[in-house]
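Asks: One structure coming up, written as C-alpha cells, with questions to follow.
The values are calculated or read from the model by the stated rules, or taken from the named source; none is laboratory data. Computed from a predicted structure; not experimentally measured. Using ideal geometry, Cβ is built from the backbone for each residue, glycine included, and neighbour counts are taken over all protein chains shown.
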There are 2 protein chains.
Amino acid sequence: MRVQNVDLGERSYPIYIGDGLLAQSDLLKSHIAGKQVLIVTNETVAPLYLDQVVSTLSGFQVTTVILPDGEKYKNLEVLNRIFDQLLTKKHNRSTTLLALGGGVVGDMTGFAAASYQRGVNFIQLPTTLLAQVDSSVGGKTGVNHSQGKNMIGAFYQPEAVIIDTSTLASLPERELKAGFAEVIKYGLICDENFFAWLQLNYQSVLNLDSDALIYVIEQSCRNKAEVVAQDERESGLRAILNFGHTFGHAIETFQEYRDWLHGEAVAVGMVMAADLSYRLGLLSLDQAQQTKALIAAAGLPVIPPTNMDAQQFAELMSVDKKVLDGHLRLVLLHAIGRAFVTSDFSADKLKLTLSSGFHLCQ
Amino acid sequence: MRVQNVDLGERSYPIYIGDGLLAQSDLLKSHIAGKQVLIVTNETVAPLYLDQVVSTLSGFQVTTVILPDGEKYKNLEVLNRIFDQLLTKKHNRSTTLLALGGGVVGDMTGFAAASYQRGVNFIQLPTTLLAQVDSSVGGKTGVNHSQGKNMIGAFYQPEAVIIDTSTLASLPERELKAGFAEVIKYGLICDENFFAWLQLNYQSVLNLDSDALIYVIEQSCRNKAEVVAQDERESGLRAILNFGHTFGHAIETFQEYRDWLHGEAVAVGMVMAADLSYRLGLLSLDQAQQTKALIAAAGLPVIPPTNMDAQQFAELMSVDKKVLDGHLRLVLLHAIGRAFVTSDFSADKLKLTLSSGFHLCQ
C-alpha cells in the first residue's frame, strides 16, 4: 500500500493506494469518528462492491443510498435523496458519508457531506480510474444545474481517499482509457519525468499491471495534491488542472454529453492546447508531436469530432468564457511539464488550431 | 455609525450599525469586488427598500430575486430560483449577492452564495431586529428539509453586515419584540452589565429611540461576534447562543410553526431555562425572577402554551436530542451573564420545570 498526503493544514488527509484496500476493514474504520455511516453508491457499482464495504462495517449503524448511474442524475433533486435518508435514519453531526463509485457519486456525496447539518465527515472510495486520479482528490464537490455543469457546490475535503486498484478490473476498457487521459495530463502540465515514464510504460497501465497502476495513480495524486495544496480554492495555479478542458468542454457541450466520454474530449483538448502552444511559439514541434503521439498510442482520440467546425468551437468556448469572468483563459504549455494560464494569445492562431482537424501538431 | 468587527482571521468582516445606512452608496459599494450584484429579497421587503438599494448601485449589473415571504419557503426548491437567476443573467465567480430582508432571506442568500460556483461573496442587509442582532452575524446559512429545520447549509461568512436601524420603523411591533428576546439573551448568557442596562432602558428600545437601538444592536453583535470568533463551527462554546432554544423549538414544533414567533418561543424557553437553573441550585431565585420580569416587561410571553403538557415537551425535546447526538444538552445559567452547556442535570427537576406553567421562577 502506498500513502500520499494532501497537505492542507487542518484539512489535510491521506490517500491510500493499493490492491484490495476495500476489504481492509481497519483502514476504513480508522477514519470513521462516530458510530453512523451512510454509503452512497450507484446502480452499477452497488452489485459489485456494496456488500463488501458493508461487511467491513460491523458495529456501525449503516445506511445505504443507491443512486441511478449517470451525469444526468447529478442534480439538486437527486442530492435530496441523500438528505432524505440521513434524516429518516436520524444521522447526527458525527455521521460519516462514504462515496463508493466514480466521479458523479464522489461529487454528490462530498456536497451532501459539506451541507448536511452544515458539514459532516466523508470518505472517498473511488472505483473508476478518472475518480482515482482526479475527482476524488482536491475537495471539489457539487451538482449540475440545468444551465451549467458543477454550478452548485463547495470546496470540501474528505477525511481520507481509499483507492482500491482491484476495482479497475471491472471497469470498461473505454472508461479506463478515458481516465488515462487525466493521467497523461499530469505529465504534460507539471511532471516531465512522469510523462517520459508514461511514454515507455503506458501499455502496462492499460493492461492493468498492478505495480504500474499503483505507480501512475500515486504519481497522479501526488501531482494533484501538490497543486491543490498551493491553491485549494482555485484562485490561480489550480487552473492548470483544467489543461485541455476548455476545448474538451466545447466538444462535450456540442455533443450534449452524449457521445464522447469526458476523458476522450479532454484528450483531444490537450492535443489542441499543445497545437496552439506550438503555433504561438511556446512549445517545440517535437514536444507537441510527442503529446499527440502518447495520447494516440493510449487509444484516445486526437482529432475533434468531424462534424464540428471552428465557428462552433469558438462560440461554445465563448459561452464558457462568459460564465467564467469575461475573458477566455486557456492553459498552454511552455514545454512538456510546464503549463501556465493566459488570456494573452493571438485569436488568429486560436482559429487555426480550431480548424486544423487531422493536421493538429503538424 | 458604529462599527463592530467579527474577528475570524482571513474571514473577518465588519458590521456597520446606523440610521439610514441603506442610502449610503459608498459604504455598500466599498464591499463589492466585481461588477455584478444579485439582490435577494422577499415580497414584503421589496416594496419598502428594494428600489432604494438598487438606486445606490449605479454602474453595476444588478439582478433581483423576490422570494415569497415566510419560513415555509426556506427550502432547496426555492433556493434553486436564486441559482436560476444567477445563471440566466450569467453571473460569474466575482459576483456579489445581497441579502435584503430578515432571517429567512439571509439564511437562503448566504447558502446560495456559499454554493454558487463553490462560493461567491455576499453581504447581509438585515431589515428585522432578529436578523440584525442574531441571524445576519456569524455565518450560519442554510435551508430547511421537510424532516428538519436548517438541516442543509454551510458555515459561510459575509463580506460585511450593514444594519440600517431605520428599517425597524416598518417592522410590526410584535416582530420587534420577538427580536428583542434575542437581545435579552445576550445579557443572560454573557453580559451582566448589558442585562442591567436593558432592565433600565428596554422601553426606549421598544419605542425605537435611535441611540438606544444602535446601542443594543451594537452590544448584541459584539457579544455574538466574541462567541463566534472563539467557536466558528459550533464545536463547543457557540452552543450557549442556543440558550432557551431547545425549549423554544419544542414549542415551535408543537405549534407546527404557526402560532408563536421564534423569538416568542425563545422568550418562554429562556424563562424555563432560568427556572431549571434555579431548581438545580445554580441560579439564585432573585436572578431567575429578574429574568422572567424583564422578558415580561418587554411584552413577551413567560408561560408555555397552556395546551402543551410536560409529556409533550419531553417528547419533542427528545426528538431534538436524537437528531443532535443522542444526549439532551441544555444551556443553563450559573448567574445572569454566565451560561454553560451541560447534559448533566436531574431529569426530575426538568420535569418540574416542564410542568410549572404559571409558576416558573417562583
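Asks: If the requirement is being modelled with pLDDT under 95, of a type in the set (A, V, I, L, M) and surrounded by fewer than 18 Cβ atoms within 10 Å (Cβ to Cβ), which of these qualifies: B:L316, B:L324? Reasoning before the result, please.
Replies: Numbers: B:L316 fails: surrounded by fewer than 18 Cβ atoms within 10 Å (Cβ to Cβ).
Exactly one residue qualifies, and that residue is B:L324.
Asks: Can you tell me which residue within segment B:146-170, out of those that are within 14 Å of chain A (Cβ to nearest Cβ) and part of a loop (DSSP other than H, G, I, E, B), is surrounded by the most Cβ atoms within 10 Å (Cβ to Cβ)?
Replies: Residues of segment B:146-170 that are within 14 Å of chain A (Cβ to nearest Cβ), as a first pass: B:146-157.
Filter once more, so that each one left must be part of a loop (DSSP other than H, G, I, E, B): B:146-147, B:156-157.
Numbers: B:S146: 11, B:Q147: 13, B:Y156: 20, B:Q157: 24.
Restricting to residues being within 14 Å of chain A (Cβ to nearest Cβ) and part of a loop (DSSP other than H, G, I, E, B), the top hit is B:Q157.
Asks: Cβ-Cβ below 7 Å, separation at least six or inter-chain, first residue in segment A:324-353 and among the basic types (K, R), second surrounded by fewer than 17 Cβ atoms within 10 Å (Cβ to Cβ): which pairs?
Replies: What qualifies is A:R329/A:V341; A:R329/A:T342; A:R329/A:S343; A:K351/A:A310.
Asks: What's the number of the condition A:T353 fails, among (1) over 19 Å from A:A181 (Cβ atoms); (2) crowded, with 16+ Cβ neighbours inside 10 Å; (3) among the polar types (S, T, N, Q)?
Replies: Here A:T353 meets the rest and fails (1).
Asks: Kindly establish whether B:T63 is touching an Asp or Glu at 6+ places or on another chain (Cβ under 9 Å) and under 21 Å from B:V105 (Cβ atoms).
Replies: On the way: touching an Asp or Glu at 6+ places or on another chain (Cβ under 9 Å): no; under 21 Å from B:V105 (Cβ atoms): yes.
Answer is no for this residue.
Asks: If you don't mind, there's one more thing I want to ask. Report yes if A:G9 is of a type in the set (G, A, S), within 14 Å of chain B (Cβ to nearest Cβ) and over 19 Å from B:M151 (Cα atoms), otherwise no.
Replies: On the way: of a type in the set (G, A, S): yes; within 14 Å of chain B (Cβ to nearest Cβ): yes; over 19 Å from B:M151 (Cα atoms): yes.
Criteria met by A:G9.
Asks: Counting only residues that are part of a loop (DSSP other than H, G, I, E, B) and among the acidic types (D, E), which one in segment A:2-46 is surrounded by the most Cβ atoms within 10 Å (Cβ to Cβ)?
Replies: Applying the first criterion (part of a loop (DSSP other than H, G, I, E, B)) to segment A:2-46 yields A:7-8, A:12, A:19-20, A:24, A:30-35, A:43-45.
Cutting the leftovers down to among the acidic types (D, E) gives us A:7, A:19, A:43.
Working: A:D7: 12, A:D19: 17, A:E43: 13.
For segment A:2-46, the residue satisfying everything is A:D19.
Asks: Report whether or not A:V216 is under 21 Å from the mean Cα position of the chain (by Cα), within 27 Å of A:D19 (Cα to Cα) and part of a helix (DSSP H, G or I).
Replies: On the way: under 21 Å from the mean Cα position of the chain (by Cα): yes; within 27 Å of A:D19 (Cα to Cα): yes; part of a helix (DSSP H, G or I): yes.
Judged against the criteria, A:V216 is a match.
Asks: Are there any helices (runs of 4 or more DSSP H) wholly within segment B:47-127 with 1 or more residues that are away from chain A (no Cβ under 14 Å), free of Cβ contacts under 8 Å to residues at least 12 places away in the same chain and surrounded by fewer than 17 Cβ atoms within 10 Å (Cβ to Cβ), and if so which? Explain how you work it out, then say what you get.
Replies: Details: elements: B:51-55, B:76-88, B:103-115.
Answer list for segment B:47-127: B:51-55.
Residue by residue, here is whether (1) touching a strand residue (DSSP E or B) at 6+ places or on another chain (Cβ under 9 Å); (2) under 30 Å from B:Q52 (Cα atoms); (3) charged (D, E, K, R) holds:
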residue: B:G148; (1), (2), (3): no, no, no
residue: B:I152; (1), (2), (3): yes, no, no
residue: B:F155; (1), (2), (3): yes, yes, no
residue: B:I163; (1), (2), (3): yes, yes, no
residue: B:T167; (1), (2), (3): yes, yes, no
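Asks: So, one more: I'd like to verify a number: residues in segment B:222-236 that are within 14 Å of chain A (Cβ to nearest Cβ) and either over 13 Å from B:G9 (Cα atoms) or not β-branched (V, I, T) (or both), how many?
Replies: Restricting attention to segment B:222-236, the residues satisfying the condition of being within 14 Å of chain A (Cβ to nearest Cβ) are B:228, B:231-236.
Now drop any that are not either over 13 Å from B:G9 (Cα atoms) or not β-branched (V, I, T) (or both), which leaves B:231-236.
Total satisfying the criteria: 6.
Asks: Starting from segment B:274-299, keep only residues that are on the phi < 0 side of the Ramachandran plot and surrounded by fewer than 17 Cβ atoms within 10 Å (Cβ to Cβ), then list their pairs with residues that are β-branched (V, I, T) and not in a loop (DSSP other than H, G, I, E, B) whose Cβ atoms are within a distance under 9 Å, requiring at least 6 positions of separation or different chains.
Replies: Hits for this filter: B:A296/B:V271.
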